[in-house]
Amino acid sequence: MSAGSDNILFEYLLRLGDNCLILSQRLSEWCGHGPVLEEDIALTNVALDLLGQARLWLSYAGEVEGRGRGEDDLAFLRDAREFRNVLLVEQSNADYAFTTARQFYFDAWHSLALSELMRSADVRVAEIAEKAAKEVTYHLQRSSEWVIRLGDGTEESRHRMQTAVDALWSYTGELFEMDEMDRSARERGLGPDWSALRERWMQYVARTFAEATLEIPQGTWMQRGGRHGVHSERLGYILAEMQFLQRAYPGAKW
Amino acid sequence: MSAEFQERIEAGIKIEPKDEMPEGYRNTLIRQISQHAHSEIVGQLPEGNWITRAPTLKRKAILLAKVQDEAGHGLYLYAAVETLGVTREQTIQDLLSGKAKYSSIFNYPTLTWADIGAIGWLVDGAAIINQIPICRCSYGPYARAMVRICKEETFHQRQGFEIMLTLARGTPEQKAMAQDALNRWWWPSLMMHGPPDADSKHSAQSMAWKIKLFSNDELRQKFVDQIAPQADFLGLKIPDPDLKWNPERGHYDFGPIDWNEFYSVIQGNGPCNRERLQARIDAHRQGAWVRDAAAAYAAKQRAKARVA
């Protein structure tokens, strides 16, 4: 950090931007391999929206840091320990049920998070959140519909969907975690008390699962660490792939 | 019907889905439009290969949007085939079974980032030259689909050229990467206009029906004439010692094309034929339970609506 730069805001923006960047990267792995053409197109839409949001958050983070780093420096030249995304978004695509469950858990949080961030005391944060919220409303509608469709579809699809929502459940707790930095940010009016969003998130998930004929997972142990840079082994591979050209040809312009 | 039909064609009246048409005309269109649709879908694969490795976030967004456009082109071309009485499912089955063909260019691998530039510049460039005349072809739905596709392809070609320009003006390694991509994609791109006129088995009838408006060799010449000065501008060398401007003809002359390679790739011997088709088969097979679930859910909803 340069003198006078705002470390709390910088870290706060990285957390928001890295969630979008890594989830977008995961979704883009589907491009050309979707279960049906319309879904190929829709998933790519979501990936594009999230990539656009990542660029807005990371560009702003670079400005706030004040060391001349732009969106690409932050995306391509940080190592895994410096990434601040939640563990949920780096989980593998596995099958379409896992991809759908991951997206649904994230969208349901993201939608609530952005509606709070739209009221941020920081004008740029509020503006980015407002733009993103419009897109995420559609993401949530789409992923909710797929949870219901796959849950209440065939025996096989219900089984796969239940397996996926169970397996990913332990990665949802991190979304509502409040640490020292979140508390400072909240005091400054940057963003909300994340833990206070959990109840509304849970109500939405429960309502959707009821319609989808899915059981609400019962596990209480929650994985954590991503927001502090302690990730799953998967993130290293995501970055190795994503950062390849920038690492192999240092300083080149593309 | 044949003489009357031909009169309509000559008069420039578009043929629409419900109009009577000779079986040969219908079958030619089904073959050609479905090949085109499959080319869009299989064409997602070589470029999709670099989405997760695009060098900047902006390039990643542009490439994602481009590959998504191709899926969209596939979608409305499959819809155009449906207007001729063949379902999308059947058309896709013909691809997966190996019965239907797609453009052979997509059986070549994308080895470096420069290949993404070369595909936009050369492959989309060759495709545009083939497709612009189709905007005026005799079958209404195909002509209309092609108007929209050509607009998007023109945009893609500019983006590809811009990637090449950035590399050509970049570091020595980047320039070498661009030259290597041009070396590998040049000849396969020339083959995209199809076999020489003398050997083209479908051409004469298609031209009479105004499904095809220019011959393969005419289209190829247009492509070479367009690309040669652009390569000069980039400071890259087209890998053809015979390529040179012929002031008498007002065109570039170019060397002989290795048609044995073309026919060999069509027969399945290209470097990626097997894996491209396998990728489509895998996506289709792994997506089966998702499509089944969506259909089962829709049926349940319809049943509920009837009871209510």
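Can you tell me the order of B:40-50, B:151-161, A:92-102 when each peptide is scored by its average per-residue count of other Cβ atoms within 10 angstrom, highest first?
B:40-50, A:92-102, B:151-161
Rounded to the nearest 20 debye, the dipole size of the stretch A:7-248 about its Cα centre is 360 debye, using +1 on the Cβ of Lys and Arg and -1 on the Cβ of Asp and Glu. Rounded to the nearest 20, the size of the Cβ-charge dipole of the protein assembly as shown about its Cα centre is 460 debye, with Lys and Arg at +1 and Asp and Glu at -1. Over all pairs of distinct alpha carbons, what does the Kirkwood formula give as the hydrodynamic radius of the stretch B:253-295, in Å? Across the stretch B:253-295, the inverse of the average 1/r is 13.0 Å. Taking the centroid of alpha carbons for each part, the stretch A:195-254 and the stretch A:17-96 are 11 Å apart. Ordered by 1.4 Å accessible area with all protein chains kept, A:36, A:230 run largest first as A:230, A:36. If R0 is 45 Å, the Cβ-Cβ spacing of residue A:124 and residue B:245 corresponds to a FRET efficiency of close to 0.25. Local charge for residue B:289 was computed over the other residues whose Cβ lies under 11 Å away, with Lys and Arg +1 and Asp and Glu -1, and equals 0. Pairwise inverse Cα distances across the stretch B:172-308, averaged and inverted, put the Kirkwood hydrodynamic radius at 19.4 Å.
Determine the relative contact order of chain B: mean sequence separation of Cα pairs under 8 Å and six or more apart, normalised by residue count, in whole percent.
Values: 338 pairs, mean separation 57.7, N = 308.
Relative contact order comes out at 19 percent.
Computed packing ranks the peptides A:123-136, B:115-128, B:244-257 as B:115-128, A:123-136, B:244-257, most packed first, by mean other Cβ atoms within 10 Å. Taking label positions 7 Å along the Cα-Cβ direction at both residue A:244 and residue B:155, the computed distance is 2.7 nm, reported to one decimal. Sorting B:258, A:18, A:122, A:73 by accessible area puts them as B:258, A:73, A:122, A:18; the probe is 1.4 Å, largest comes first, and only protein heavy atoms count. For the stretch B:278-308, backbone nitrogen atoms closer than 20 Å to the point 7 Å from residue A:213 Cα along Cα-to-C-beta are found at B:288-308. Dipole of the stretch A:7-248 computed with +1 at Lys/Arg Cβ and -1 at Asp/Glu Cβ about the Cα centre; of A:10, A:92, A:139, farthest Cα towards the positive end is A:10.
Once Rg and the Kirkwood radius are both taken over the C-alpha atoms of the stretch A:7-248, their ratio Rg/Rh works out to 0.95. With 24 Å as the limit on Cα-Cα distance, the pairs of B:58/B:237; B:210/B:244; B:66/B:99; B:58/B:151; A:134/B:151; B:151/B:212 that go past it are B:58/B:237; B:210/B:244; B:66/B:99; A:134/B:151. Note on chain B: with charges restricted to the Cβ of Lys and Arg (+1) and Asp and Glu (-1), its dipole about the Cα centre is near 1380 debye. Per-residue shielding of A:139-150, expressed as the average number of other chain Cβ atoms within 10 Å of the residue Cβ, stands at 2. Under 14 Å from the 7 Å Cα→Cβ point of residue B:258, by amide nitrogen: which residues of the stretch B:174-195? Residues B:183-191 fall inside that zone.
For chain A, relative contact order (Cα pairs under 8 Å, six or more residues apart, normalised by length) works out to 25 percent. Relative to the current alpha-carbon distance between residue B:176 and residue B:111, full extension at 0.36 nm per residue lengthens the span by 22.1 nm. A full extension of the chain between residue B:286 and residue B:205 corresponds to an added length of 25.1 nm, given 0.36 nm per residue minus the alpha carbon distance. Scalar couplings 3J(HN,Hα) for the stretch B:271-285, obtained by applying the Karplus form with A = 6.51, B = -1.76, C = 1.60 to θ = phi - 60°, are x, 10, 3, 5, 6, 5, 5, 4, 4, 5, 5, 4, 4, 5, 5 Hz; x denotes Gly and Pro.
What the Cβ-Cβ distance of residue B:89 and residue A:159 gives, at R0 = 22 Å and to the nearest 0.05, is a FRET efficiency of 0.30. Among the protein heavy atoms, those of residue B:272 account for about 10 Å² of accessible surface (1.4 Å probe, every chain in place). The mean number of Cβ atoms from other chains found within 10 Å of a Cβ in peptide A:21-34 is 5, as a whole number. Its DSSP H runs of at least 4 residues, each contributing -39,500 (n - 2.57), put the calculated 222 nm mean residue ellipticity of chain A at -21000 deg cm²/dmol, to the nearest 500. In this simple spin-label approximation, residue A:166 and residue A:138 carry label points 7 Å from Cα along the Cα→Cβ vector, and these lie 3.5 nm apart.
With one equal scatterer per alpha carbon and no solvent term, the Debye-computed log10 I(q)/I(0) for the protein assembly as shown at 0.06 1/Å reads -0.36.
Sorting A:174-184, B:220-230 by average packing, meaning the other beta carbons within 10 Å per residue, from highest down gives B:220-230, A:174-184.
The values are calculated or read from the model by the stated rules, or taken from the named source; none is laboratory data. Owing to the predicted nature of the structure, the values given are computational and were not obtained by experimental measurement. No Cβ is skipped: glycine too gets one built from the backbone with ideal geometry, and neighbour counts run over all protein chains shown. What goes into the accessible areas is simple: the full protein's heavy atoms, side chains included, and nothing from ligands, DNA or RNA. Shrake-Rupley method; radii C 1.70, N 1.55, O 1.52, S 1.80 Å.
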